[in-house]
1. Just wondering, is there one or more residues in the stretch 91-100 that are assigned to a helix (DSSP H, G or I) and either over 24 Å from residue 27 (Cα atoms) or modelled with pLDDT under 85 (or both)?
2. Does the stretch 60-71 hold any residues that are farther than 23 Å from residue 124 by Cβ and crowded, with 16+ Cβ neighbours inside 10 Å, and which are they?
3. Which count do you get for residues in the stretch 27-50 that are part of a helix (DSSP H, G or I) and buried (at least 16 other Cβ atoms within 10 Å of the Cβ)?
4. It is to be established whether one or more residues within the stretch 72-87 are buried (at least 16 other Cβ atoms within 10 Å of the Cβ), of a type in the set (Ser, Thr, Tyr), under 12 Å from the mean Cα position of the chain (by Cα) and at pLDDT 90 or above.
5. Listed residues 49, 53; which is in contact with a Phe, Trp or Tyr (Cβ under 7 Å, 6 or more places away or on another chain) and under 20 Å from residue 87 (Cβ atoms)?
Amino acid sequence: MAQDKVFIFDTTLRDGEQVPGCKLNTEEKIKLALELETLGVDIIEAGFPVSSPGDFASVNEISKVIKNATVTGLTRAVQKDIEVAAEALKPAVRPRIHTGIGSSDNHIKYKFNTTRENIIERAIAAVKLARNLVYPMWNFMPKMQVVQICSF
């Protein structure tokens, strides 16, 4: 019988930086990422690579030094975001793309001006693209582990 495992998914390097007055450079992010790995964090969300050259560089450099944890980059369900994240994550031993699209009634109606069916199609296309860009680097892991999609 398989044992249940709790996976620790840490967003300090991406979400934590949104706290007023908190701006980390790449060197500081690398130090934190290494400490998170030492603590046994399973998944480190290193940043949002398409958001800036600095975030891309941080995700890329963190991907080079983390050996046991999964390194993930956040994206919107947008082709360019996903392609940039895949490029930033190339050096990672265990890369993951964390993609999402707003799916609330308000997002669908006012932000995207579309239908729920279209949002679902966009989400599926984003996951397929992310899986195809990252999966070849994970030839020893199940595809289901490669991409995480969130709905907000």
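The values are calculated or read from the model by the stated rules, or taken from the named source; none is laboratory data. For clarity, every value in this text was computed on a predicted model and none was experimentally measured. We place every Cβ from the backbone using ideal geometry, glycine too, and count neighbours over all the protein chains shown.
1. No, that holds for no residue.
2. 60, 61, 62, 63, 66, 69, 71, listed by residue number.
3. Just the residues of the stretch 27-50 that are part of a helix (DSSP H, G or I), to begin with: 27-39, 49-50.
After this cut, where a residue has to be buried (at least 16 other Cβ atoms within 10 Å of the Cβ) as well, the list is 29-30, 32-34, 36-37, 49-50.
Count: 9.
4. Among the residues of the stretch 72-87, at least one is buried (at least 16 other Cβ atoms within 10 Å of the Cβ), of a type in the set (Ser, Thr, Tyr), under 12 Å from the mean Cα position of the chain (by Cα) and at pLDDT 90 or above, which makes the answer yes.
5. 49
This table checks each residue for (1) in contact (Cβ under 8 Å) with a residue 40 or more places away in the chain; (2) out of contact with any Cys (no Cβ under 9 Å at 6 or more places or on another chain); (3) not small (Gly, Ala, Ser).
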| residue | (1), (2), (3) |
| --- | --- |
| 23 | no, yes, yes |
| 31 | no, yes, yes |
| 37 | no, yes, yes |
| 78 | yes, yes, yes |
| 92 | yes, yes, no |
| 97 | yes, yes, yes |
